[in-house]
1. For the subset of segment 118-135 comprising residues that are over 15 Å from the mean Cα position of the chain (by Cα) and more than 11 Å from the ligand (Cβ to nearest atom), which member is farthest from PRO52 (Cα to Cα)?
2. Tally up the residues in segment 55-75 that are closer than 18 Å to ARG126 by Cβ and assigned to a loop (DSSP other than H, G, I, E, B), please.
3. Being away from the ligand (no atom under 16 Å from the Cβ), touching a residue at least 60 places away in the same chain (Cβ under 8 Å), surrounded by 15 or more Cβ atoms within 10 Å (Cβ to Cβ) and at negative phi is true for just one of ALA73, ALA69. Which residue is that?
4. Consider ALA148 carefully, then state whether it is more than 10 Å from the ligand (Cβ to nearest atom), of a type outside the set (Val, Ile, Thr), part of a helix (DSSP H, G or I) and crowded, with 18+ Cβ neighbours inside 10 Å.
5. Go through segment 107-145 residue by residue and tally those that are within 12 Å of PHE9 (Cβ to Cβ) and assigned to a helix (DSSP H, G or I).
6. For residues that are within 14 Å of the ligand (Cβ to nearest atom) and hydroxyl-bearing (Ser, Thr, Tyr), scanning just segment 92-117, find the one that is most open to solvent (accessible area, probe 1.4 Å).
7. Restrict the check to segment 39-46 and report whether at least one residue is within 27 Å of LEU122 (Cα to Cα) and buried (at least 19 other Cβ atoms within 10 Å of the Cβ).
8. State all residues of segment 172-228 that are in a loop (DSSP other than H, G, I, E, B), among the small types (Gly, Ala, Ser) and surrounded by fewer than 11 Cβ atoms within 10 Å (Cβ to Cβ); if no residue qualifies, say none.
Amino acid sequence: MKISVLTIFPEMYEALNSSVIGKALEKELFSVEVYNIRDYSLNKHKKCDDYPFGGGAGMVMTPQPLHDAITAADPAHEAVRIYLSPKGKTLDQKTVTELAKLDHIVLINGSYEGIDERIIELDVDRELSIGDYVLTSGDLASLVVINAVARYIPDVLGSEQSTDEESFSEGVLEYPQYTRPQEFMGLRVPEVLLSGNHAEIAAWRRKESLRITAERRPDLLSEKNERK
Ligand code: 4H3
């Protein structure tokens, strides 16, 4: 998979060079291509923003540099082009797994008060949000999308870190985890986890998953039942 990112803050994507994501990029399991929108501005000062028609606070990103950067990243419109915005559909684990199956995605990042609406009309396939809050640019949202999607690309996670037994993969939250020592500050690891009885351990974990999901995210349990 190739992920093309369009931004006026290309340095933010240096954050990808760490952790398992950095290793996966080194191994070329997937690639991230960063396009600086400013490089596509035909304005002599490389300007990418202007005052909003109708007035109001702040600046809006002009369409020309965005349109040319998008066309450079995806000339034949073969990619799925995504604009990150609080108005988008909220990202969830199902959407993440669907995105991970694509050959090419383009992540379009606005800043200031947003981008000219005609870019959304002409060039954008989907609008995604990472949650109900506003950021100064789409870039942190794009980094979240890249991280979440990369975990589903084959061989990115080692066998010790897997996507199939974690929170949301079964529509429920994850059971509690413990490691050594068996006692810490007077708190003991639940006895069943030390028993070696794999059936009992699996049953305990299922029960804990359901308990914590019912307590914190009952909405997930009703969604799970609606899907059945
Ligand atoms: C995404 C982008 C929040 C999210 C974003 C999110 C700046 C969108 C600008 C940028 C517009 C004005 N904020 N929740 N901000 O995923 O281009 O909001």
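1. My answer is ASP125.
2. The qualifying residues number 1.
3. Sole residue among the options that is away from the ligand (no atom under 16 Å from the Cβ), touching a residue at least 60 places away in the same chain (Cβ under 8 Å), surrounded by 15 or more Cβ atoms within 10 Å (Cβ to Cβ) and at negative phi: ALA73.
4. Working: more than 10 Å from the ligand (Cβ to nearest atom): yes; of a type outside the set (Val, Ile, Thr): yes; part of a helix (DSSP H, G or I): yes; crowded, with 18+ Cβ neighbours inside 10 Å: yes.
Yes, satisfied.
5. Counting residues in segment 107-145 that are within 12 Å of PHE9 (Cβ to Cβ) and assigned to a helix (DSSP H, G or I) gives 4.
6. TYR112
7. Pass one, segment 39-46, residues within 27 Å of LEU122 (Cα to Cα): 39-46.
Subsequent filtering for residues that are buried (at least 19 other Cβ atoms within 10 Å of the Cβ) retains 40-41.
Yes, there is a match, as at least one residue in segment 39-46 is within 27 Å of LEU122 (Cα to Cα) and buried (at least 19 other Cβ atoms within 10 Å of the Cβ).
8. Going residue by residue through segment 172-228, those that are in a loop (DSSP other than H, G, I, E, B) are 172-182, 185-186, 189-190, 195-197, 217, 228.
Then drop every residue that is not among the small types (Gly, Ala, Ser), which leaves 186, 195-196.
GLY186, GLY196 - these are the residues of segment 172-228 that are in a loop (DSSP other than H, G, I, E, B), among the small types (Gly, Ala, Ser) and surrounded by fewer than 11 Cβ atoms within 10 Å (Cβ to Cβ).
The values are calculated or read from the model by the stated rules, or taken from the named source; none is laboratory data. None of the values given here were measured: they were computed from a predicted structure. Because the Cβ atoms are built from the backbone with ideal geometry, glycine has one as well, and the counts that use them run over all protein chains shown. Accessible surface areas use protein heavy atoms only, side chains included; no ligands, DNA or RNA. Shrake-Rupley method; radii C 1.70, N 1.55, O 1.52, S 1.80 Å.
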